[in-house]
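A quick write-up on the structure given underneath.
The values are calculated or read from the model by the stated rules, or taken from the named source; none is laboratory data. All values derive from a computational prediction rather than experimental measurement. All Cβ positions, glycine included, derive from the backbone under ideal geometry; neighbour counts span all protein chains shown. What goes into the accessible areas is simple: the full protein's heavy atoms, side chains included, and nothing from ligands, DNA or RNA. Shrake-Rupley method; radii C 1.70, N 1.55, O 1.52, S 1.80 Å.
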Amino acid sequence: MLIKQEMTEDIKIGLGFRREIAKSFLDQDVINPDFIEVAPENWIGLGGYWGDVFRKVTDMYPLILHGLSLSIGSPEEVDWPFLKKVKRFIKDFNVEIYSDHLTFAKIDNAHLYDLLPIPFREDSVKHVVKRIKEVQDFLERPLTIENASYYTPVAAEMTEQQFISSIVEESGCKLLLDVNNVYVNAFNHNYDAKEFIDNMPLEKVMYIHMAGHYKIQPDLIIDTHGEAIIDPVFELFDYTIEKMTPVPVLLERDFDFPEMEELKNEMDRLRAICTKHWTSDVIQQRNI
Amino acid sequence: MLYSKETYKIEQRLAEWCRTGKNIDIKGTKKEGLKQYRRLLRNNINNTMEQAFPIANEVLTEKEWDTLIDDFFANHKAQTNHVWKLPFEFYQFVQKQSYAIKFNKPFLNDLLYFEWIEIEVHTMADQSPEPYKKDGDVNKNKIEVNPEYRLIKLKFPVHLYATEEAKKHSGNYFLLVYRHPDNFEVRFVDLPALHILFFEKIVNEEMTISEILKEIEDASGLENIEAVEKNILEFVETMFNQKVFIGYKQTYQN
């Protein structure tokens, strides 16, 4: 029983900290996540009311950073002044995980404020690996990179799975496995989501994201973070968790916030799945 | 860069499509997916600006607003990593491209700047004042100012009137925008020219009230300075009440 309890403490279910629901994090009357996640771009250097709220909430919860503008797939130089600010922010708030997306969001010296797909190609692997290593050297820690959703292939010469695996293996970075993105991409590009999970370097997964999406057309899903998680994504999560050892799991919700009870229910369901699979004896067996 | 020229070109064209809606023929892509990217990226920009500039959004026609968003997204090389600062780049773009003249809305630059300043003052990094004392001699001691403020000059009083009315009242308007230190609220104080003079003497030149009055007396040759003295003391009292002035510098000599 004691051992089981220890495993339960290893299960960390977090929730994205967003201004619209900030009060609920402070009040803790419905939700009390194990950690919170923010985009550093939205909070670095903020003062006044939101700076005060951020100080309070980071006193209450451990913080994970999930960036938006590192733009690891950009052709240009890494944005060192920005990364310097991130490094300072990581230190100031004792952040354990800093992640960003396997995408590009800036090109020809212009930010785009969204995540565009990198062509799945050999030269892209080399380019991205070089940039990840530069970032890791600067930050003096592994970078965690998220598999992104994408709505069209772009001049691909290899599969998404090969692209991600090669980058993780060659750069030494960690993986943020977004299970919803796997589901979205598998649906949009007609591949088997479970087979994709089977071929991911799961031992390199540092962190997991779960979210809702929106089916905009019968054959196209958009990764909105504005809906509840659907059952097939929970099932894929269950399938994934069974193959892994404990890592933090985040519920992402960025738009159209429901009553907090609904978010709590989603977090409880994620926790129940993790608790089912991440028992001490199972983990021990997997580690042998 | 380890990208091949072709891969680099593909990324450039993808970004160009998203920003301009031109050249959708990109190797190895699906048009429907590309259209979603353009829609999503443009929505991000539009939503950011709608939230930042609610009054301008209401005052401009839908066509004018869309023109600004499309032109900005297509032609402006956005520099900030922080989306909350992008509205300032939008304001600069609109000003530089003279849309106020193109749309015959002369107040447009002032309106965007006014709306931006509220965001900036609300959100900007905390600034600590120099060490100060709560009590002092209002005439003889140097005053410490709440550092979280912006002093702006407007040609059209968009802070006083609806925009069509503001058009009829062009002039020089000075507005002190500051963050209240107790509750973080952004507050606005309309300052007449004489009070701007007082404010700048107190803040920038760190003069005491006595020094300011002496300077005015010497410069103007006024024999009776009492009216000016009454005015400046009332101004200072108001500034203290509103928490624009917060105390007295510790370095004073008296």
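General observations
- Value of relative contact order over region B:1-122, rounded to a whole percent, pairs C-alpha under 8 Å and six or more apart: 22
- Approximating the spin labels as points 7 Å out from Cα along Cα→Cβ, the residue B:125-to-residue B:172 distance works out to 3.3 nm.
- Chain A contacts chain B over a buried accessible area of about 4200 Å², both sides summed; the probe is 1.4 Å and only protein chains count.
- Heavy atoms of residue B:208 accessible to a 1.4 Å probe, total area in Å² rounded to 10: 10
- Averaged over A:68-77, number of beta-carbon atoms from partner chains that fall within 10 Å: 3
- The relative contact order of region A:127-275 comes to 20 percent, based on Cα pairs under 8 Å that sit 6 or more residues apart.
- Considering helices alone, the calculated mean residue ellipticity of chain B at 222 nm is -16000 deg cm²/dmol, with DSSP H runs of length four and up weighted by -39500 (n - 2.57) and normalised per residue.
- Computed [θ] at 222 nm, helices only, for chain A once each DSSP H run of length n ≥ 4 contributes -39500 (n - 2.57): -13500 deg cm²/dmol
- Here the protein assembly as shown is described by how far its Cα atoms reach on the three principal axes: 94, 61, 42 Å, from widest to narrowest.
- Spacing of the modelled spin labels on residue A:138 and residue A:109, each 7 Å from Cα toward Cβ, amounts to 1.8 nm.
- Expressed to the nearest 5 percent, the antiparallel share of DSSP beta bridges inside chain A is 20 percent.
- Each Cα pair under 8 Å and six or more residues apart adds its sequence gap; the mean of these over the residue count of chain A is a relative contact order of 19 percent.
- Counting only Cβ charges, +1 for Lys and Arg and -1 for Asp and Glu, the dipole size of chain A around its Cα centre is about 760 debye.
- Average beta-carbon neighbours from other chains, 10 Å sphere, peptide B:29-40: 5
- Those residues of region A:162-182 whose amide nitrogen sits under 17 Å from the label point placed on residue A:94, 7 Å along Cα→Cβ: none
- Estimated from the Cβ-Cβ distance and a Förster radius of 35 angstrom, the FRET efficiency linking residue A:191 and residue A:9 is about 0.45.
- In this structure residue B:169 has an accessible area near 60 Å², from a 1.4 Å probe over the protein heavy atoms.
- Area of residue A:202 that stays accessible when all protein chains are in place (1.4 Å probe, Å², to 10): 30
- Inter-centroid distance (Cα atoms) of region B:116-147 relative to region B:170-189, Å: 13
- Residue among B:186, B:196, B:232 farthest towards the positive dipole end of region B:143-235, charges placed on Cβ: B:186
- Gain on full stretching of the segment that runs from residue B:165 to residue B:242 - 0.36 nm per residue minus C-alpha separation: 24.9 nm
- Charging the Cβ of each Asp and Glu at -1 and of each Lys and Arg at +1, and nothing else, the dipole of region B:1-128 about its Cα centre rounds to 900 debye.
- Comparing B:83, B:26, B:170 along the charge dipole axis of chain B, the residue lying farthest to the positive side is B:26, per the Cβ-charge model.
- About its Cα centre, the dipole of the protein assembly as shown is roughly 1160 debye, where the only charges are +1 on Lys and Arg Cβ and -1 on Asp and Glu Cβ.
- Fraction of accessible area attributable to carbon and sulfur, region A:1-87 (%, probe 1.4 Å): 52
- Taking the centroid of alpha carbons for each part, region A:230-278 and region B:43-75 are 37 Å apart.
- Across peptide A:208-216, the average count of Cβ atoms from other chains found within 10 Å of a residue's Cβ is 0.
- Exposed GluC sites (Glu not before Pro) absent - longest run of chain A, DSSP non-H/G/I/E/B, at most 12 other C-beta within 10 Å: A:141-258
- Label sites at residue B:183 and residue B:133, each approximated as a point 7 angstrom past Cα along Cα to Cβ, lie 3.1 nm apart.
- On the basis of the beta-carbon distance and an R0 of 30 Å, residue A:126 and residue A:80 show a calculated FRET efficiency of 0.90.
- In this calculation the C-beta distance from residue A:265 to residue A:170 is compared with R0 = 41 Å, giving a FRET efficiency of 0.50.
- Which of A:27, A:256 is most accessible, then next, and so on - probe 1.4 Å: A:256, A:27
- Ranking by accessible area, most exposed first, for A:88, B:42 with a 1.4 Å probe: A:88, B:42
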